[in-house]
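Written out below as structure tokens is the structure these notes cover.
The values are calculated or read from the model by the stated rules, or taken from the named source; none is laboratory data. Being a predicted model, the structure only gives us computed values, none of them experimental. Glycine gets a Cβ as well: all are built from the backbone with ideal geometry, and neighbour counts include every protein chain shown.
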Amino acid sequence: MAEATEIGVVEAYERLAREVLNRPESIPSAIHNLLLKLAETHPGAVYWIVRKFYQEYLRLYVSDTGYIGIADRYEPGLMYPGDINLYMVPESPQPGDVVQITFTDKNEVSIYVIHGRVLRCNEDRSVQVEDTSTGEDYRVVDWNILGKLVKVIPFGSDEWQELFPASGIPKEWLTTSVEGNIRSLQESDASGKDEAIAELKRRLRELV
């Protein structure tokens with residue numbers, strides 16, 4: 001950033017913007033290619049700025065359409081790998097809501113996703129949540145929240161049989177996920193792990 005210091009931050013970014021606009025490909029393609037290049041070293045930073053742009057500039061939220069996810073980990077009392085989760089983003093999370101949260105490490109390189117139970121909403125509009133896996137408390141801002149969990153469709157149910165093939169996710173991926181969770185639980189001292197392992201092994205038998 002030495003150049004930015006010499007010519008001024010505003011001027012430096014204006015020059016970068018002109019270079020993007022002057023590329024021979026279309027503007028969307030040029031921006032896309034620039035973000036792909038930045039994502040090689042800082043995918044977390046690229047993710048955050050795209051999300052921030054949608055929320056703060058366009059006022060668009062994931063809740064406009066909702067989204068589904070396939071659970072890849074066991075979370076006590078909440079979900080098993082292979083369950084289908086339905087999410088919406090609430091305008092204002094309420095205590096007791098289970099929300100999906102994303103954040104990056106301090107260098108904005110790695111992206112992490114967890115589930116948390118809302119404990120309270122703070123006066124500064126941040127939200128205090130409890131990690132559903134570890135019990136740790138976090139303070140997050142609204143754009144850390146990907147969505148509110150509104151329904152879990154259990155593995156193998158009629159609704160699951162209808163939706164899972166449409167997801168395009170290979171059963172091999174799910175099998176690997178279940179196997180990894182079994183190994184992780186076997187090495188842990190989590191309460192209720194025997195029951196959880198039995199359920200995971202049942203799913204594994206159905207998958208293979």
Somewhere in the stretch 178-193, is a residue in a helix (DSSP H, G or I), under 21 Å from the mean Cα position of the chain (by Cα), of a type in the set (Val, Ile, Thr) and surrounded by 12 or more Cβ atoms within 10 Å (Cβ to Cβ)?
yes
Flagged in the stretch 164-192 as touching a Pro at 6+ places or on another chain (Cβ under 9 Å) and either under 16 Å from residue 154 (Cβ atoms) or at pLDDT below 95 (or both), in numbering order, are 174, 177, 178, 181, 190, 191, 192
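Rundown of residues vs (1) in contact with a strand residue (DSSP E or B) (Cβ under 8 Å, 6 or more places away or on another chain); (2) on the phi > 0 side of the Ramachandran plot, yes/no style:
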| site | (1), (2) |
| --- | --- |
| 115 | yes, no |
| 135 | no, yes |
| 142 | yes, no |
| 145 | yes, no |
| 188 | no, no |
| 199 | no, no |
| 202 | no, no |
Could you grab me the full set of residues in the stretch 7-26 that are touching a helix residue (DSSP H, G or I) at 6+ places or on another chain (Cβ under 7 Å) and either loosely packed, with under 11 Cβ neighbours inside 10 Å or in the same structural domain as residue 105 (by TED's automatic domain parsing) (or both)?
21
For the stretch 151-177, name all the residues that are among the aliphatic types (A, V, I, L, M), surrounded by fewer than 19 Cβ atoms within 10 Å (Cβ to Cβ) and either touching a Ser or Thr at 6+ places or on another chain (Cβ under 8 Å) or not in a strand (DSSP E or B) (or both).
163, 166, 169
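Report the residue count in the stretch 94-112 for those that are modelled with pLDDT of 85 or more and within 17 Å of the chain's Cα centre (by Cα).
First, the residues of the stretch 94-112 that are modelled with pLDDT of 85 or more: 94-101.
This time we only want the ones that are within 17 Å of the chain's Cα centre (by Cα), so: 97-101.
Result for the stretch 94-112: 5.
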Going through the stretch 96-150 one residue at a time, which ones are in a helix (DSSP H, G or I) and among the hydrophobic types (A, V, I, L, M, F, W, C)?
143
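Which of the residues spanning the stretch 1-20 are at pLDDT below 55 and either of a type in the set (A, V, I, L, M, F, W, C) or under 18 Å from residue 35 (Cα atoms) (or both)?
Taking the stretch 1-20 as the starting set, the residues that turn out to be at pLDDT below 55 are 1-5.
Result: 1, 2, 4.
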Residue match in the stretch 130-146 (condition: surrounded by 11 or more Cβ atoms within 10 Å (Cβ to Cβ), touching a helix residue (DSSP H, G or I) at 6+ places or on another chain (Cβ under 9 Å) and within 16 Å of residue 79 (Cα to Cα)):
no
